[in-house]
1. Which condition breaks for E219 when tested against (1) in a loop (DSSP other than H, G, I, E, B); (2) touching a residue at least 24 places away in the same chain (Cβ under 8 Å)?
2. Check L125 against each of (1) among the hydrophobic types (A, V, I, L, M, F, W, C); (2) surrounded by fewer than 20 Cβ atoms within 10 Å (Cβ to Cβ); (3) modelled with pLDDT of 95 or more and name the one condition it does not meet.
3. Under 7 Å between Cβ atoms, at least 6 apart or on separate chains: pull out the pairs that start in the stretch 112-133 with a residue that is of a type in the set (V, I, T) and end on any residue that is modelled with pLDDT under 95 and not in a helix (DSSP H, G or I).
4. Could you give me the residue pairs with C-beta distances under 8 Å whose first residue belongs to the stretch 238-252 and is modelled with pLDDT under 90, whose second residue is open to solvent by less than 30 Å² (accessible area, probe 1.4 Å) and acidic (D, E) wherever it lies, and which are 6+ apart or on separate chains?
5. Please find, within the stretch 227-249, the residue that is nearest to D101 (Cα to Cα) out of those that are open to solvent by 20 Å² or more (accessible area, probe 1.4 Å) and in contact with a Pro (Cβ under 8 Å, 6 or more places away or on another chain).
6. Quickly run through the stretch 180-213 and pick out the residues that are open to solvent by less than 50 Å² (accessible area, probe 1.4 Å), modelled with pLDDT of 80 or more, farther than 18 Å from V170 by Cα and not in a helix (DSSP H, G or I).
7. Are there any pairs, at least 6 apart or on different chains, whose C-beta atoms fall under 7 Å, with the first in the stretch 143-169 and within 16 Å of S96 (Cα to Cα) and β-branched (V, I, T) and the second in a helix (DSSP H, G or I) and open to solvent by less than 30 Å² (accessible area, probe 1.4 Å), and if so, which?
8. What residue, of N99, N95, N91, is surrounded by fewer than 18 Cβ atoms within 10 Å (Cβ to Cβ) and on the phi > 0 side of the Ramachandran plot?
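The values are calculated or read from the model by the stated rules, or taken from the named source; none is laboratory data. Bear in mind the structure is a predicted one, so any value in this text is a computation, not a measurement. So basically every Cβ, Gly included, is an ideal-geometry build from the backbone, and we count neighbours across all protein chains shown. Ligands, DNA and RNA are stripped out before the accessible areas are found, and what is left, the full protein with its side chains, is counted by its heavy atoms. Shrake-Rupley method; radii C 1.70, N 1.55, O 1.52, S 1.80 Å.
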Amino acid sequence: MSCLGTLIGATIGMVLGGPIGAIAGAAFGSFATSFRGSGNGAGSTYSTMYNQRMRPTEHAQMTFFVGAFSMLGKLAAVDGQVSREERQKLNEFMNSDLNLDQQAKESATRIFDAAITSSESFHSLANQFYREFRTQPQFFELLIDMMLRISAADSRGLTHDEETLIVDAVHIFRFSEARYQQLKSRYVQHTSSAYSVLGCAHSSSTDDIKRAYRKLVSEYHPDKIASKGLPEEFQQMAAGKFRDIQNAYDEVRKERGF
């Protein structure tokens with residue numbers, strides 16, 4: 001079941017705590033003050049009670065959805081304004097990459113806009129996101145990929161201010177700097193190198209390439225991704241990444257003849 005059905009059906013009772021919960025409250029209703037928790041994500045008594053009734057997968061789905069669009073909002077506004085082109089690219093991403101229905105798009109846009117005007121910082125959002133998903137590093141890669149893809153899509157390309165925030169997220173997520181550069185090269189240099197997709201180099205051994213492929217296939221298999229709490233709205237994007245991994249491996253395999 002989509003996390004958006006729960007989000008809207010429960011009177012927007014997404015009591016997540018911390019900065020992500022605060023933005024959810026600002027976006028969806030009068031519970032904003034109870035959403036704000038302490039620095040470790042704890043909220044009010046009502047928040048604690050609600051979270052005890054919420055399944056871990058639901059909590060993870062809601063955190064990912066709100067956290068992702070909140071950070072995208074902060075990223076878009078890093079230069080002080082959000083252009084019409086940036087909004088157009090966000091809409092294209094929601095339509096083409098995520099295939100969101102109208103209700104989900106409206107919810108995502110409300111979160112995006114609430115984040116732009118919120119006093120919560122990008123870094124506080126990223127820290128809460130890290131705490132929630134520190135055992136699912138593939139979720140960090142999906143979000144970093146998303147931020148790069150949208151930032152690089154407009155006519156200005158990836159700006160210095162945008163990349164500064166993304167690199168801050170890379171550090172907060174304990175994400176590999178080398179892997180970040182490989183992801184970046186797909187959008188900034190307009191390459192779709194099969195080796196880059198696999199996180200390898202042309203100089204990598206065949207055994208290293210096989211190991212990298214097996215690791216990525218295990219991490220991004222659709223069944224595993226779904227079981228870890230990725231919202232349904234983002235599973236299409238993850239499935240696309242899984243296909244990219246398989247296609248890249250096939251390309252390298254044919255090139256090397258193994």
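1. Answer for E219: the failing condition is (1).
2. Among (1) among the hydrophobic types (A, V, I, L, M, F, W, C); (2) surrounded by fewer than 20 Cβ atoms within 10 Å (Cβ to Cβ); (3) modelled with pLDDT of 95 or more, L125 violates only (2).
3. Final answer for the pair search is I116/A77; I116/V82.
4. Here the result reads K241/D145, each pair linking the stretch 238-252 to a residue that is open to solvent by less than 30 Å² (accessible area, probe 1.4 Å) and acidic (D, E).
5. Q235
6. Once the filter is applied, which keeps residues that are open to solvent by less than 50 Å² (accessible area, probe 1.4 Å), modelled with pLDDT of 80 or more, farther than 18 Å from V170 by Cα and not in a helix (DSSP H, G or I), the stretch 180-213 yields C200, S204.
7. Final answer for the pair search is I150/L72; I150/L90; I150/F93.
8. Working: N95 fails: on the phi > 0 side of the Ramachandran plot; N91 fails: on the phi > 0 side of the Ramachandran plot.
The conditions single out N99.
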